[in-house]
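Reading through the structure tokens given below for one structure.
The values are calculated or read from the model by the stated rules, or taken from the named source; none is laboratory data. All figures in this text were calculated on a predicted structure; none of them were measured in a lab. Heads up, the Cβs are rebuilt from the backbone with ideal geometry, glycines too, and the neighbour counts pull from every protein chain shown.
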Amino acid sequence: MVVECIKKYFDENNLSILPITRGNYLIAHFDVYHKFEPSSMPICSAALPAYIQSLDVDNIFSESVALNCAFASGIIADFMEDEEILPTTTGRMGAGEFDFEISNIKNNSNYHVKVKNSQIEIDAAYEGIENFAIIEAKRDISEDFFLQDILYFW
């Protein structure tokens, strides 16, 4: 109930929250969502190898299962254009120290943000001979995404 009230207050007042340390946050009128760009790329189908029985493409109930399906079916290798990819780091960790600029939508200005060891979570990372990719997975299709999901890896 409390979380729903806070979310409603933030939505009604165009407020966003950004972590800057483990326990400190900035709350302001930040422009933290970005709409997905339209794509003209064709949609291709992929299938799991026939011997995989523990994954059911009709019942993808979590981000990790979706990532496992994408890896097992070759989608990740195709995306990275590398057949030698392997899953590497994942989970929660500190972001280190960095700073960035973000738009304040209330006064149409930029705000300088300094981050010091804020907690981040990597859904999956894959490494190949030539490439390294950090993946943010979502179970549901959305028209936009929260910049924090990628900002701390930029």
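Filter region 1-29 for residues that are touching a Phe, Trp or Tyr at 6+ places or on another chain (Cβ under 7 Å) and of a type in the set (A, V, I, L, M); which is modelled with the highest pLDDT?
Selected residue: ALA28.
Which pairs do you get when a residue that is within 19 Å of THR90 (Cβ to Cβ), found in region 138-154, comes within reach of a residue that is outside any loop (DSSP other than H, G, I, E, B) and at pLDDT below 80, reach meaning Cβ atoms under 9 angstrom, with the pair 6+ apart or on two chains?
Pairs that qualify, where the first residue is within 19 Å of THR90 (Cβ to Cβ) and the partner is outside any loop (DSSP other than H, G, I, E, B) and at pLDDT below 80, are LYS138/PHE145; LYS138/ASP149.
Filter region 76-96 down to the residues that are over 17 Å from GLU130 (Cα atoms) and either small (Gly, Ala, Ser) or not in a loop (DSSP other than H, G, I, E, B) (or both) and list them by number.
Matches in region 76-96: GLY91, ARG92, MET93, GLY94, ALA95, GLY96.
Look through region 56-74, keep the residues that are assigned to a loop (DSSP other than H, G, I, E, B) and β-branched (Val, Ile, Thr), and return whichever of them is farthest from ASP123 (Cα to Cα).
Restricting to residues being assigned to a loop (DSSP other than H, G, I, E, B) and β-branched (Val, Ile, Thr), the top hit is VAL57.
Of the conditions (1) farther than 16 Å from ILE135 by Cα; (2) free of Cβ contacts under 8 Å to residues at least 24 places away in the same chain; (3) not hydroxyl-bearing (Ser, Thr, Tyr), ASN117 clears all except one; give me its number.
(2)
Could you give me the residue pairs with C-beta distances under 7 Å whose first residue belongs to region 83-106 and is more than 20 Å from PHE30 (Cβ to Cβ), whose second residue is part of a strand (DSSP E or B) and aromatic (Phe, Trp, Tyr) wherever it lies, and which are 6+ apart or on separate chains?
ILE85/TYR126; LEU86/TYR126; PRO87/TYR126; THR88/TYR126
Look through region 117-138, keep the residues that are in contact with a strand residue (DSSP E or B) (Cβ under 8 Å, 6 or more places away or on another chain) and among the polar types (S, T, N, Q), and return whichever of them is nearest to ASN24 (Cα to Cα).
Filtering first and then ranking leaves SER118.
Within the set of pairs 6+ apart or on separate chains, which have a first residue in region 12-39 that is touching a residue at least 40 places away in the same chain (Cβ under 8 Å), a second that is small (Gly, Ala, Ser) and in a strand (DSSP E or B), and C-beta atoms under 6 Å apart?
Taking only residues 6 or more apart or on different chains, the pairs are PHE30/SER16; ASP31/SER103; VAL32/SER16.
Could you tell me whether ILE122 is in contact with a helix residue (DSSP H, G or I) (Cβ under 9 Å, 6 or more places away or on another chain) and either free of Cβ contacts under 8 Å to residues at least 40 places away in the same chain or surrounded by 15 or more Cβ atoms within 10 Å (Cβ to Cβ) (or both)?
The answer is no for ILE122.
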